[in-house]
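The values are calculated or read from the model by the stated rules, or taken from the named source; none is laboratory data. For clarity, every value in this text was computed on a predicted model and none was experimentally measured. Here Cβ is always computed from backbone atoms with ideal geometry, including for glycine, and neighbour counts include all displayed protein chains.
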Amino acid sequence: MLSSCADPKAIEGLSWLFCYLTSGKHIDFYWSFLTVLLLLAITAPAALGFGFVGATAARSPFLPARMLGKTYIAMVRGVPDIIYFLFFVIALDQAIEYLKFLAVCPAGSPLPWQGLEFRVCPEAKVPLSTSSAGWHKAYGFLLAAVTFAIVFGAFAANVLYGAMQAVPRAQLETAEAYGMSHKQVFRRILVPQMWSYALPGLSNLWMILIKATPLLFLLGVKDIVYYARELGGSKTQAYEFPHGDWRLYYFLGLLVFYLCMTRVSEILLGKLAGRLSRGQATAAGEAMRKAAA
Amino acid sequence: MSMTCWETIQAYGLRSIGIGENLLPKTDFTLCQQFTLIGSGLIWNVYFGVLSLAFGFFLANALALAKSARSPWLRKPAEWFIFVFRGSPLFIQFFLAYEALVMLPRAGIEIFGITIATSWTTKAWAGALFVMFLNTAAYSAEIFYGALRSIPKGDLEAADAYGISGWQKFRRIQWPTMLRLGWPGYTNEAIFLFHATTLVFFSSFPAFSQRGDALYYANFFADKTFNPFIPYPIVGFYFICITLIVTMVFGAVNRRLNRHLPQNLKSRIRLRPQLVR
């Protein structure tokens, strides 16, 4: 904190606003925007990976793998995703503690599910009750990130499965005619070609992922929604910076943040779509070929 | 005190709208109680979904037409409205609307000597419904706008050739074709709108005397029993039923919209993920 801000009640006007916006809690608030970006940075590739595995499994000639893949894809249809968010966060937490319970708790300890409680021996707690607050925060965040990756992975699997089906059959047959094995066709033709078909769906998914990030708040992570509520709530004279109920303005700020994210993504994805359409046997690719000729 | 399942249904079946037993169960949390209370909460999901879809349909048509209008005075506002509601999370929209509605003067607004009460707007049944109405209107407008733009050129030229123009052309050619082309997308919108209704009581709108929606009660049971494996699958089951019903109703409309086309050309409705808003 700056020295001129030492006594906020004595200053007024713009300098008050400046001191207010640079207070310690506000700095935390600005960092929490990074939490959102970090979640996106972790979740997007993870979900894509989950989706790729899911889609590949759904196409597998091996029946159990195919059924597993198709179940994973079907999982997110028909049921609101927020239910999965709430469910997985508890279920994953309990699963992890249960596994640790099997490993470290002394033999003969009672099962964790007792009546209306879930309790493991102190050594099996994740994170341990003795670990620092930082660990607790990191664990909560990681749990949320894995949950996001699982749910969005199912959506990505749906998109990628459709894209793999959309690659023209003739291209795959040509590759086979050249004597490529199944694996080679998959690696050299199917995967490189499918992105052009997958991009519209994946773009849509990315937009949805951005708009899903405020749900972190529901999962108990101190994200931007949490801070907007905390900082915006009216503060009495007991606080350093007393003010009325300003939550409306904080939420307006969040709205603008999300609108900017959406707009920037739209522009970038539009450019990417152009790149991927080049030379493809699609309407967009054909239009580019004609424009160039 | 243990109740039979039928007694539980009588006591809690309409709990979410304030009819029947007021005290929530404290001890057993039987399967029957969970099914009944979560099902009772579903009344709210259906309420929000059906009403916002019904009202939103009309606004969506108007917005789609405005967005495809030539005059920038009509087009720009429509474009911005659609961008704001589609570009930001519904969750934030709920928060924002609630905070804005709370700021309205408590005593009511006086217009021409008549006092209009404002406190009801902060209740979920009104405030959240209003936000969902605007939100679904924006999403549906984008779908209808896309459909409007993909009406085959030949259809419009044929209308011109027959001397059909203006309102007649819109009523008899453009609008039905727009609906027909946009309907599969609109079906998805309806399904995911129902899913989005679960956000109402998880955003700012408080559930007065614990009268919430299906997810609210499921969360209540998961918190009380530390067992997420029963209540959440129950909500999931209820929502699969809702999804099936929506698909059936919208499928029937789709068949009617396409009744003049040859069988093999009829568009099938495919579910596309659009989950969180």
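Listed here are the helices (runs of 4 or more DSSP H) enclosed by segment A:1-108 that have at least 1 residues being at negative phi, modelled with pLDDT of 90 or more and away from every other protein chain (no Cβ under 14 Å): A:24-59, A:63-75. Among the residues of segment B:216-233, those that are more than 10 Å from every other protein chain (Cβ to nearest Cβ) and part of a helix (DSSP H, G or I) comprise B:Y216, B:Y217, B:F220, B:F221. I'd like to check something: does segment B:47-61 contain any residue that is within 14 Å of another protein chain (Cβ to nearest Cβ) and either buried (at least 17 other Cβ atoms within 10 Å of the Cβ) or not in a loop (DSSP other than H, G, I, E, B) (or both)? Checked against the condition, which is being within 14 Å of another protein chain (Cβ to nearest Cβ) and either buried (at least 17 other Cβ atoms within 10 Å of the Cβ) or not in a loop (DSSP other than H, G, I, E, B) (or both), segment B:47-61 yields at least one hit.
Residues of segment A:126-166 that are more than 17 Å from A:Y98 (Cβ to Cβ) and without any contact (Cβ under 8 Å) to a residue 12 or more places away in the chain: A:S129, A:T130, A:S131, A:S132, A:A133, A:G134, A:W135, A:H136, A:A138, A:L142, A:Q165.
Could you go through segment B:104-124 and let me know if any residue there is under 14 Å from the mean Cα position of the chain (by Cα) and modelled with pLDDT under 90. The answer is yes; a qualifying residue exists.
Results for (1) in contact with a Lys or Arg (Cβ under 7 Å, 6 or more places away or on another chain); (2) among the acidic types (D, E), shown as yes or no for each residue.
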site	(1), (2)
B:T136	no, no
B:Y139	yes, no
B:R149	no, no
B:D160	no, yes
B:S165	no, no
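Can you find a residue that is more than 8 Å from chain B (Cβ to nearest Cβ), over 30 Å from B:F81 (Cα atoms) and among the aliphatic types (A, V, I, L, M) anywhere in segment A:257-275? No, segment A:257-275 contains no residue that is more than 8 Å from chain B (Cβ to nearest Cβ), over 30 Å from B:F81 (Cα atoms) and among the aliphatic types (A, V, I, L, M).
Among all residues of segment A:156-174, there is at least one that is at the interface with chain B (Cβ under 8 Å from one of its Cβ atoms), surrounded by 14 or more Cβ atoms within 10 Å (Cβ to Cβ) and under 30 Å from A:I83 (Cβ atoms).
Screening B:A158 against (1) surrounded by fewer than 17 Cβ atoms within 10 Å (Cβ to Cβ); (2) more than 14 Å from chain A (Cβ to nearest Cβ); (3) small (G, A, S); (4) within 25 Å of the chain's Cα centre (by Cα) leaves a single unmet condition, (4). B:L104 meets each of the listed conditions (1) surrounded by 13 or more Cβ atoms within 10 Å (Cβ to Cβ); (2) part of a helix (DSSP H, G or I); (3) of a type outside the set (K, R); (4) within 14 Å of chain A (Cβ to nearest Cβ) apart from (2).
Candidates in segment A:257-287 are the residues that are more than 23 Å from the chain's Cα centre (by Cα) and in contact (Cβ under 8 Å) with a residue 40 or more places away in the chain; of these, the one that is surrounded by the fewest Cβ atoms within 10 Å (Cβ to Cβ) is A:A281. Of the residues making up segment B:223-257, those that are surrounded by 21 or more Cβ atoms within 10 Å (Cβ to Cβ) and over 22 Å from the mean Cα position of the chain (by Cα) are B:P228, B:P231.
Is it the case that segment B:149-161 has a residue that's in contact with an Asp or Glu (Cβ under 6 Å, 6 or more places away or on another chain), in contact (Cβ under 8 Å) with a residue 24 or more places away in the chain and under 21 Å from B:A69 (Cα atoms)? Taking every residue of segment B:149-161 in turn, none turns out to be in contact with an Asp or Glu (Cβ under 6 Å, 6 or more places away or on another chain), in contact (Cβ under 8 Å) with a residue 24 or more places away in the chain and under 21 Å from B:A69 (Cα atoms).
Conditions (1) farther than 21 Å from A:Y139 by Cβ; (2) touching a helix residue (DSSP H, G or I) at 6+ places or on another chain (Cβ under 9 Å); (3) surrounded by 15 or more Cβ atoms within 10 Å (Cβ to Cβ), marked per residue:
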{"position": "A:G24", "(1), (2), (3)": "yes, no, no"}
{"position": "A:I27", "(1), (2), (3)": "yes, no, no"}
{"position": "A:S32", "(1), (2), (3)": "no, yes, yes"}
{"position": "A:L40", "(1), (2), (3)": "no, yes, yes"}
{"position": "A:T43", "(1), (2), (3)": "no, yes, yes"}
{"position": "A:G49", "(1), (2), (3)": "yes, yes, no"}
{"position": "A:R77", "(1), (2), (3)": "yes, yes, yes"}
{"position": "A:F87", "(1), (2), (3)": "no, yes, yes"}
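All conditions in (1) charged (D, E, K, R); (2) out of contact with any Leu (no Cβ under 9 Å at 6 or more places or on another chain); (3) under 26 Å from B:N188 (Cα atoms) hold for B:D160, with the sole exception of (3).
Scan segment A:109-125 and report the pairs whose first residue is within 18 Å of B:A222 (Cα to Cα) and more than 9 Å from chain B (Cβ to nearest Cβ) and whose second residue is of a type outside the set (D, E, K, R) and loosely packed, with under 12 Cβ neighbours inside 10 Å, with Cβ atoms within less than 6 Å and a gap of 6+ or a chain change. Filtered contacts from segment A:109-125: no entries. Among the residues of segment A:204-226, none is identified as more than 14 Å from the chain's Cα centre (by Cα) and at pLDDT 90 or above. For segment A:198-253, a residue qualifies if it is closer than 25 Å to A:L39 by Cα, in contact with a Lys or Arg (Cβ under 7 Å, 6 or more places away or on another chain) and free of Cβ contacts under 8 Å to residues at least 24 places away in the same chain, and the qualifying residues are A:R229, A:G232, A:R247. Counted as qualifying within segment B:152-212 are the helices (runs of 4 or more DSSP H) with 2 or more residues that are among the acidic types (D, E), namely B:153-161.
Note down all Cβ pairs under 7 Å where the first residue falls in segment B:9-24 and is free of Cβ contacts under 8 Å to residues at least 60 places away in the same chain, the second is aromatic (F, W, Y) and assigned to a helix (DSSP H, G or I), and they're at least six residues apart or on different chains. From segment B:9-24, the pairs are B:G20/B:Y12; B:E21/B:Y12. Restricting segment A:227-256 to residues that are among the aromatic types (F, W, Y) and facing another protein chain (nearest Cβ under 10 Å) leaves a set whose member that is nearest to the chain's Cα centre (by Cα) is A:F251. No other residue among B:L90, B:L63, B:L24 is of a type in the set (A, V, I, L, M) and at pLDDT below 90 apart from B:L24.
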